[in-house]
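In what follows, a single structure is set out as structure tokens and then discussed.
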Amino acid sequence: MGAYDVINSRAARVDASDKVRGRAVYVDDMKMPGMLFGAMLQSPLAHAEILDIDTTAARRLPGVKSVLTSKEAGLVKYGVSPARYDETIFCHDRVRHVGDNIAAVAAVDLDTALEAVSLIKVEYRELPAVFTVEEAMAEGAPVLHEAYPRNLTAEVHHEFGDVEAAFAQCDLIKTSSLVNKRQDAAFIEPPGCIASFDYSGCLTLYSSTQVPHYLQRVVAMVLGLPVGKVRVVKPYVGGGFGPKAGANHMDLAASLLSMKTGKPVKMNFDRKQVFMHGRARHQFFHTITTGVKKDGSIMALKHQCHLNGGAYSSFGIATVYYSGSLLGGPYKLPAMKYDGYRVYTNLPACGAQRGHGAVIARACWEQQLDMIAEELGIDPIELRLKNMMTVGDVTCNHLNMSSLGMKDCVEAVRDRSGWKEKKGNLPPGKGIGMSCGFFVSGAGYSIYRSETWHGTVIIKLSEDGGTALVYTASAEIGQGSDTTFAMIAAEAIGIPLEWVRLESGDTDFGLDLGAYSSRQTLMTGLATKEAGEAVKRQVLEVLSEELGIPVEDMDIKKGVIIFKRETPDITALRTRYIKEHRGWTDNPSPDEPLSFREASRIAFLSRGSIVGTGKYKPPVLGGDHKGATVGTSPAYGCSAQVVELSVDMGTGKINIEKITDAHDCGLAINRTSVEGQMIGSVSMGLGEALFEEVKFDDKGRVLNGDLAEYKIPRALDMPAVEPVIVESDEPNGPFGAKEVGEGAIMPAIPAILNAAYDAIGVRIFELPLKPERVYQAIKQYNQKLAKQGAEEMSSAKRDGNLCTKDAQAIDISSQKMNVKGK
Amino acid sequence: MKKLIRVTVNDVAHEVAVRPNQTLVDMIRYDLGLTGTKNGCGEGDCGACTVILDGTPVNSCLVLAMQADGRTITTIEGVESGEGLHPLQQAFIDKGAIQCGFCTPGMVLSAKSLLDENPAPSEEEIREGISGNLCRCTGYLQIIDAVKSVAK
Amino acid sequence: MSLPEFDFHAPEGVDQACRMLSDYGAGARIFAGGTDLMLDMRRKRISPEHVISIAAIEELKRLDFAPGMLKIGGCVTVARIVKSKEIALKWGALCAGAKALGSCLVRNLATVGGNIVSARPAADLPPSLMVYSASLVLKKTTGERIVSMDDFFTGTGTTVMAADEILTEIRLAEPPPHSGAGYINLGIRNACDINILNVASHIVLDRPGGVINDARIVMGCVAPTHVRALAAEKLLMGEKPSEALFERAGEAAMKASSPRGSAYSRASAEYKKDMVKELTMRTLGIALKEASGSRS
């Protein structure tokens, strides 16, 4: 491109200098005078009636300042989506999972608070519990929330186009399933907060949140405070990935404890509590049926999904919609039917995690597309190239492809990985596989039904001139959004990045919906751009008045005023500026061009503080069916990946050797950050594909609530990754930019599944692909082969329903047997 | 009962009254106010609390404060010298090795220890050397690049 | 969660440590590397009244290469084992076990003695130490005794050690000529994992290219303690090594092992059994390579 001075480059992060010195402040690094420490009493039982709570002994313990239960806190319901508010700060009649919240204590130190918690006596009557989808939906099963019979948080039934008619025209119909395991986001910083209620009646809540705005609203609503009296401040956050994208009971309890005691109250989750709070990726059970023509044209998709949701809704209602709607792209698909069920169980609630709702659906389908390609004798890449949408296409569920670099992504990974030479030519135990991905670039609608702006930004020029102060309530959680917006502001104003100072994550700065749905670059970015252009225009207007030159004949670039026609005499202006800066050593010399610093000082002298504001909300998007709001977005990111791996056939252990990954992020604002999101996504996808699962015992207690037994990738597990940035021009994004943060995870899991198949000759329909699962698949496959003996292998098409009943079912592809069968 | 220990942290001698059941990370963060050392898991799994104790990088959550008596500690705040950032720190900035930053202090200290002992590590040795430090954001590759760029 | 309350002691020598241990009785716990003890205390599995740190006692940190004998002080860190060139050369399987233990950060604290005394069936060092016929020096105020590692473990978390004894030294005879050993641990990740299974094997040939006249195979994670695969060992005796022989040995080890597995454990019993065979074969392969190689 080259048309830009700041963006589309490789900039060092604006926070890197502090972070590398250990100077960046996270919430647990803060302390305040008189600060108390809070702790929480959590249920040891998965499902029980609360008969009595006795806090007498806890209150009597010296050093205890406040003990709260539902009696003090009230029963205002909250959650993520107003349509499914089903939580209260503390349980009053029933606990619904191990870790459910019963009481909170504030004391002079943490040990005292913990001791007080241990002194609270709760009398329970244990109730039968349900832990699986089957148990929860069974006839006569205990119901977690009376308003939701059969424990259905939400169900979705969508049909676009005539699915049955489309299937009737198909030459091949394939059904397969995939099930993943409950995930943990495993951010390295456990959530924490400090609530400080002051005597003017204002609550300031410092929280490691991804969504200051939603947190502010929920805190105000639940605690009965005016929104204007609640300020949420997000310090640096040590990773979010989804589960920090909602108000949690700790934020609320700390706030209430501070209100009751008149002191700041700090609370933290320890690592085990992170697991007991949950809110990360659901366990999904997908079954997909795809119909294609002989030439590979995809005609129809039928999709059923059950989500094990845990005890509360959290994001679940959105999750179950996303699971269906995002299969609308990136392929041309005339007809699609979806039935989704999100089910309550007596486990910690699941919520959103990177690639919200869509990751396992994508994995299931992309694995199936490979099966179809193989049966049709078409190269998997050719099948995808044949079917993919192009710019201007609209999906059957009304998603609009305003930009789509899908073809470039696929061709890039094909060519750079050496796909053509490797595919079909690797020895047994080695495999290559690919997949595409597709995701929203920001949710088209806010979580609560509203006409709200999704992001507002204020840019004020410092009164001395020369520095642009950017104020945004958006959430830097590690992804690099502060740097992105500083770069956009600098570009929009026409100044170097170093002249921008940015403050973010504070609800006093405006409204921003926060870091979720891969939304900030596009949405907050547009608001930042508008604010930057507004201050630039004001500076140029003043210059126009002073110099008598039309605004459109001037510009600001690299911190210098550009006069497009004749260069005027600026001596008078410069003299005014220098006069105000006697004794300063950096005043401009006579032959220098007029600087932004001089111009913005002159503008201040003329107009007072120069403030520009920007705002963004998406236009009305999508169809008018129920749930049409979920999956709509002003733009869509897409991606493709090729995975090369080897399998230790004796143990089943997979070793990922190389990943070639392409992502279309529109115009890349900061190429280093884009690659960081891509490689980080690969790492998270690899962990989910190979290692990660949260396990519970038969009482609903988490078994591996730590980072030893919940296994995320370490440095020795990461393969070489070649990231390829594909830059389409997104008309709805700032300077053509769109998302990368979440979409980049989409192809990781299915590409690994497809490569594993290529290596071992047998499909696996359950994650993670840990050594035992892979080994058993190889073993069963070999046993089946042995049984068939020398029998001639049937070349007849196999029953497409083979894999639907049991997620672990083995699908033997006849074409594969001779090649990879041992 | 609290006991006074003597400990040299980042070349500064301190006397600190610590409880027997107090961890080193706790003392460093809350008594000395050196909050660059992070607490991520408390069980030696994540490495966010890495400090260099008598020349060896350790999880300071697995060490009792009293065990530091008479010993020398380097935390992230002590990596920068009078001449400015350690080359490794600059490399972390330049290579995009930092995202949320929570693992960064521990990662820098592990990498520094590695290079102090082995100035020319192979890529495998670099991966091994930072394998005790979890990072969920970056996928490690930029961190490995940063260490490589400083290695001889 | 913070730690339970206790008194902290840092004795200057082994004798003083033994006295303290004897004085404080059952309420005392030895702190060596602390990597297991700190977890146990954090999770309130144990709440000692006295914690006796022996990590700084010099005589426990000695690594002596006496003629014909390796003496490892109880508080030698696992990292030092990894870094020792001499150990890598002569006791390669021990080096492999040490490399597999935890992360590099954990290895800087964890001690050889601690990895033995905590008696966890998934521990990385015992299989190799056992195939090298290690013996353990246990000390208390009234004297010391030497116990073979074969007789040391009595169950998960339990050993023959008395409450007032300290493991001060691990002794390994120098492996005989034409011998070799191998260790493999299987986890889910490439490093820092808790083992699904681990096996060490050791063989001695009567001469280069000759027959096996001694063999030891030790398996972890298949029983409450580390166990020897005696049937497999016996099968190897007097035989000329071959892939087929090792496969039979693997099968014998598999048949003799009775691992437990449930929906909640790291792997099923069936998988563990198959892996006993696989890892036995592979470790025997490594052992043979070493026995036939330059070291013998």
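The values are calculated or read from the model by the stated rules, or taken from the named source; none is laboratory data. Everything numeric in this text was worked out from a predicted model, so none of it was measured. Here the Cβ positions follow ideal geometry from the backbone for every residue, glycine too, while neighbour counts run over all protein chains shown. SASA here: full protein model, heavy atoms, side chains in, ligands and nucleic acids out. Shrake-Rupley method; radii C 1.70, N 1.55, O 1.52, S 1.80 Å.
Overview of values
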quantity	calculated
D_trans [Stokes-Einstein, Kirkwood Rh over alpha-carbon pairs] for region C:7-53, 10 °C, 1.306 mPa s, µm² s⁻¹	147
q = 0.18, 0.31 Å⁻¹: log10 I(q)/I(0) that the Debye formula gives for region A:396-449, counting C-alpha atoms only	-0.77, -1.29
Cα pair distances of region B:19-141 binned at 10 Å [whole percent]	14, 47, 32, 7, 0
Chain C - mean residue ellipticity at 222 nm from DSSP helices (-39,500 (n - 2.57) per run, n ≥ 4, rounded to 500)	-9500 deg cm²/dmol
³J(HN,Hα), Karplus 6.51/-1.76/1.60, whole Hz, each residue of region C:9-18, x for Gly, Pro	10, 10, x, 8, x, 5, 4, 5, 4, 4
Per-selection Kirkwood Rh - region A:420-564 (Cα, Å, 1 d.p.)	17.7
Value of Rg/Rh across region B:3-78 [Cα atoms, Kirkwood radius]	0.91
Separation between Cα centres of region C:201-219 and region A:367-446, rounded to whole Å	54
Alpha carbon centroid spacing (whole Å) that separates region A:678-724 from region A:158-209	17
Ellipticity estimate at 222 nm from DSSP helix runs (n ≥ 4, -39,500 (n - 2.57)) divided over chain A, nearest 500	-9000 deg cm²/dmol
At R0 = 30 Å, FRET efficiency that the Cβ-Cβ distance of A:ASP508 and B:THR72 yields, to 0.05	0.10
Nitroxide proxy distance, nm - points 7 Å out along Cα→Cβ at A:ASN587 and A:ASP109	5.9
Label-to-label distance, nm, for residues given as A:THR390 and C:LEU89 (7 Å Cα→Cβ offset)	6.9
Cross-link table B:LYS38/B:LYS112; A:LYS386/A:LYS658; A:LYS557/A:LYS579, entries beyond 21 Å C-alpha to C-alpha	A:LYS386/A:LYS658; A:LYS557/A:LYS579
Hull shadow area, averaged, region A:1-100 [alpha-carbon convex hull, nm²]	13.2
Nonlocal amide H pairs with A:VAL560, under 5 Å, H built at 1.01 Å	A:PHE596
Cα-based Rg of chain A normalised by 2.2 N^0.38 Å, two decimals	1.01
DSSP beta bridges in region C:10-92 [antiparallel fraction, %, rounded to 5]	50
Environment charge of C:GLY220, counting only residues whose C-beta is closer than 9 Å and scoring Lys/Arg +1, Asp/Glu -1	0
With every protein chain in place, region A:107-228: carbon and sulfur % of accessible area (1.4 Å)	55
Alpha-carbon Rg/Rh ratio, for chain C, with Rh computed the Kirkwood way	0.98
Ranked order, A:GLU552, B:GLU128 - accessible area, probe 1.4 Å, largest first	A:GLU552, B:GLU128
Extension gain from A:GLU498 to A:GLU159, taking 0.36 nm per residue of separation minus the Cα-Cα distance	116.9 nm
Alpha-carbon Rg/Rh ratio, for region C:59-173, with Rh computed the Kirkwood way	0.93
Shielding of B:14-20 by partner chains, average beta-carbon count, 10 Å	2
Distance histogram for region B:56-124 (every C-alpha pair counted, 10 angstrom bins, percent rounded to whole numbers)	16, 47, 30, 6
Straight-distance crosslink candidates among aspartates and glutamates, where the alpha carbon sits under 14 Å from A:LYS626 and sequence neighbours closer than 8 are dropped	A:GLU155, A:GLU159, A:ASP339
Helical contribution to [θ] at 222 nm, DSSP H n ≥ 4, -39,500 (n - 2.57), averaged over chain B, rounded to 500	-7500 deg cm²/dmol
Binned Cα-Cα distance frequencies in region C:245-296 - 5 Å width, integer %	5, 21, 22, 17, 14, 10, 6, 4, 1, 0
Region C:179-292 - convex hull of the alpha-carbon atoms, volume per residue in Å³	88
Estimated FRET transfer efficiency when R0 is 45 angstrom, pair A:ASP555-A:THR452 (beta carbons, to 0.05)	0.85
Evaluated at q = 0.29 Å⁻¹: base-10 log I(q)/I(0), Debye formula over Cα of region A:293-361	-1.28
Cα Rg, Dmax (largest Cα-Cα span) when computed across region A:93-248, Å	22.6, 73
Region A:207-299 - convex hull of the alpha-carbon atoms, volume per residue in Å³	180
Percent RCO, i.e. relative contact order, over region C:7-53, from Cα pairs under 8 Å lying at least 6 residues apart	58
Taking N as its residue count, the alpha carbon Rg of region B:87-150 over 2.2 N^0.38 Å	0.95
Region A:62-150, Cα convex hull volume normalised per residue, Å³	130
Amide N proximity, region A:584-626 versus A:GLU566 label position 7 Å along Cα-to-Cβ, cut-off under 18 Å	A:594
Exercise: per-residue mean of other protein chain Cβ atoms within 10 Å, A:775-784	1
Calculated FRET efficiency for the pair A:GLU421/A:ALA786, C-beta based, R₀ 25 Å, to 0.05	0.15
